[in-house]
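Input: a single structure, listed below in structure tokens.
The values are calculated or read from the model by the stated rules, or taken from the named source; none is laboratory data. Given the structure is predicted, the values throughout are model-derived calculations rather than measurements. Glycine also receives a Cβ, built like all others from the backbone with ideal geometry; neighbour counts cover every protein chain displayed. For the accessible areas, the whole protein counts, side chains as well, though only heavy atoms, and no ligand, DNA or RNA atoms are used. Shrake-Rupley method; radii C 1.70, N 1.55, O 1.52, S 1.80 Å.
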Amino acid sequence: MKRWSGSTAKVLVSTIFILALGWPVASFAATNQAVDPGAGGVTLNASGSLTVNSVQLALVKQARDLSGAVLPGGSNVTAGEQLYFVLYVDNVTSVMASDIRIIDLLNEAQFTYVAGSLETTVVPTGSNDAAIWAGAWTPVTDAVAAPDDTGSITDSAAPAGLDRVTIGAVAGQANQVLNVSAGTLRAVRFRVTVK
């Protein structure tokens, strides 16, 4: 038996990278004011205060059984058993999160990707685990540059096998740009077989 070890921040059985372009890594609220820089030929009045707030979006990864039940960290799984991995970003803001890019590297010593199992759904922000699972899941072709290609899976290196899930316009992939609309949660799921 193997143990599933995971959390919302770090998953020990695979590696996840997320890049949200346009959302700086360290961002803080700031209050700024525009004034006439002078010598511009146009008279400008001082603006009112403008406060800019920024929110860090979290990437969550869960392991679930085939019925959709979330497996807690440390759960026992057996060789040959199929599981789902669910990745999601919840945009709790009132503006679109643009150009989200996710890379998930499977640990090929522990899991084998189940071909054709990549799917995506969009549900309202704050949806619980059951509501995410009950979302309208749309299949995404595994192949790079497919017409529905917001995501794909490729072989990163030895050993041979599909192990690099990419979502959004990840460098080196021909995926479409992934934007997460305001007030929505975007989820991706795929199946693996435990080795």
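When region 152-194 is examined, which residues are found to be assigned to a loop (DSSP other than H, G, I, E, B) and among the polar types (S, T, N, Q)?
Once the filter is applied, which keeps residues that are assigned to a loop (DSSP other than H, G, I, E, B) and among the polar types (S, T, N, Q), region 152-194 yields 156, 173, 175, 176, 181.
Against the conditions (1) under 30 Å from residue 193 (Cα atoms); (2) modelled with pLDDT of 90 or more, where does residue 1 fall short? Just the number, please.
Here residue 1 meets the rest and fails (2).
Hey, could you check region 170-195 for residues that are open to solvent by 50 Å² or more (accessible area, probe 1.4 Å) and in contact with a Phe, Trp or Tyr (Cβ under 8 Å, 6 or more places away or on another chain) and say which is nearest to residue 98 (Cα to Cα)?
191
If the requirement is being over 26 Å from residue 181 (Cα atoms), at pLDDT below 90 and among the aliphatic types (A, V, I, L, M), which of these qualifies: 69, 79, 160?
Just a single option satisfies the conditions, and that option is 160.
Report, by residue number, each residue of region 156-195 that is hydrophobic (A, V, I, L, M, F, W, C) and either in contact with a helix residue (DSSP H, G or I) (Cβ under 6 Å, 6 or more places away or on another chain) or over 20 Å from residue 85 (Cα atoms) (or both). Walk me through how you get there before you give the answer.
Taking region 156-195 and keeping what is hydrophobic (A, V, I, L, M, F, W, C), we get 157-158, 160, 162, 165, 167, 169-171, 174, 177-178, 180, 182, 185, 187-188, 190, 192, 194.
Across region 156-195, the qualifying residues are 157, 158, 160, 169, 171, 174, 177, 182, 187.
Any idea which of 90, 149 is within 19 Å of residue 168 (Cα to Cα), open to solvent by 30 Å² or more (accessible area, probe 1.4 Å) and either outside any strand (DSSP E or B) or touching a Ser or Thr at 6+ places or on another chain (Cβ under 9 Å) (or both)?
Within the list 90, 149, the selection yields 90.
When you look at residue 69, is it without any contact (Cβ under 8 Å) to a residue 12 or more places away in the chain, among the aliphatic types (A, V, I, L, M) and out of contact with any His (no Cβ under 6 Å at 6 or more places or on another chain), yes or no?
Here the answer is yes, as residue 69 does meet what is asked.
I'd like the full set of residues that are open to solvent by less than 30 Å² (accessible area, probe 1.4 Å) and among the polar types (S, T, N, Q), limited to region 58-76.
Result: 62, 75.
State all residues of region 101-140 that are open to solvent by less than 60 Å² (accessible area, probe 1.4 Å) and hydroxyl-bearing (Ser, Thr, Tyr); if no residue qualifies, say none.
Those that are open to solvent by less than 60 Å² (accessible area, probe 1.4 Å) and hydroxyl-bearing (Ser, Thr, Tyr): 113, 117, 120, 121, 125, 127.
Among the numbered criteria (1) in contact with a strand residue (DSSP E or B) (Cβ under 8 Å, 6 or more places away or on another chain); (2) in a loop (DSSP other than H, G, I, E, B); (3) at pLDDT 90 or above; (4) closer than 16 Å to residue 194 by Cα, which single criterion is violated by residue 108?
So the condition that residue 108 fails would be (1).
On the basis of being over 15 Å from the mean Cα position of the chain (by Cα) and without any contact (Cβ under 8 Å) to a residue 12 or more places away in the chain, does residue 107 make the cut?
Answer is no for this residue.
Is it fair to say residue 141 is outside any loop (DSSP other than H, G, I, E, B) and over 22 Å from residue 127 (Cα atoms)?
Values: outside any loop (DSSP other than H, G, I, E, B): no; over 22 Å from residue 127 (Cα atoms): yes.
Against the criterion (outside any loop (DSSP other than H, G, I, E, B) and over 22 Å from residue 127 (Cα atoms)), residue 141 does not qualify.
Checking residue 79 against (1) over 24 Å from residue 166 (Cα atoms); (2) buried (at least 16 other Cβ atoms within 10 Å of the Cβ); (3) of a type outside the set (S, T, N, Q), only one condition comes out false. Which one?
Here residue 79 clears every test but (2).
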